[in-house]
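The values are calculated or read from the model by the stated rules, or taken from the named source; none is laboratory data. Because the structure is predicted, anything quoted here is derived from the model rather than measured. Every residue, glycine among them, receives a Cβ derived from its backbone with ideal geometry; neighbour counts consider all protein chains shown. Heads up: the accessible areas ignore ligands, DNA and RNA and are worked out on the full protein's heavy atoms, side chains in. Shrake-Rupley method; radii C 1.70, N 1.55, O 1.52, S 1.80 Å.
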Amino acid sequence: MRNSRALAVSAVAVAALGLAAPTAAAWTEPSNIVALPSVIARGGQLTITVDGTACQMPGSTVSSSAFPTTKLTSMGGSSATAKVTVNRNAAPGTYDITANCGENKSLTKPGAFTVIGGVRGGLGGSSSSGATPTDMAIGGGLVAAALLGGGLFWMRRRSEKRI
């Protein structure tokens, strides 16, 4: 009877260690960083997801030069997430994201997202600062042609009524 008790206690101890080992290994480091959407305009909002349960610990953050450092929130399971707003003055280009999790465990994903420049509203999306002399000459020529054509059409209609 004593052997069976010792065997049962040993089995329980091995099972407890076996179940605790994957949990301890899961608290090691973050494994993946995903930013959605991957292309965003300045001032837009990104959702960043970091895989790895180490990032569920209090004080875990994500940072980039395009947005301020933001705390991660546990999603349950083995992921954590953060919603960040891209700075309005961020230059167009690709940016890295660094996740700092747990006890000095970090992961950097290079080129995690791309910031694009905004369109200038009201200027037809043009990138110049105004109308050039060529644009003014073409526009003036088109207006003159429209006035001349309209005048000829009106004069012709008027002479047809007299006949």
Looking at the stretch 31-40, which of its residues are assigned to a strand (DSSP E or B), open to solvent by 20 Å² or more (accessible area, probe 1.4 Å) and within 16 Å of T108 (Cβ to Cβ)?
-> N32, V34
Taking the stretch 55-76, which residues are in contact with a strand residue (DSSP E or B) (Cβ under 9 Å, 6 or more places away or on another chain), part of a loop (DSSP other than H, G, I, E, B) and of a type outside the set (S, T, Y)?
-> M57, P58, G59, A66, L72, M75
Specify the residue that is least open to solvent (accessible area, probe 1.4 Å); the eligible residues are those in the stretch 103-116 that are more than 14 Å from S63 (Cβ to Cβ) and out of contact with any Asp or Glu (no Cβ under 8 Å at 6 or more places or on another chain).
-> V115
Test G43 against the criterion of being assigned to a loop (DSSP other than H, G, I, E, B) and either open to solvent by less than 80 Å² (accessible area, probe 1.4 Å) or modelled with pLDDT under 80 (or both), and give yes or no.
-> yes
Inside the stretch 59-94, can you point out the residues that are closer than 14 Å to V34 by Cβ and surrounded by 15 or more Cβ atoms within 10 Å (Cβ to Cβ)?
-> V62, S64, L72, S78, S79, A80, T81, A82, V84
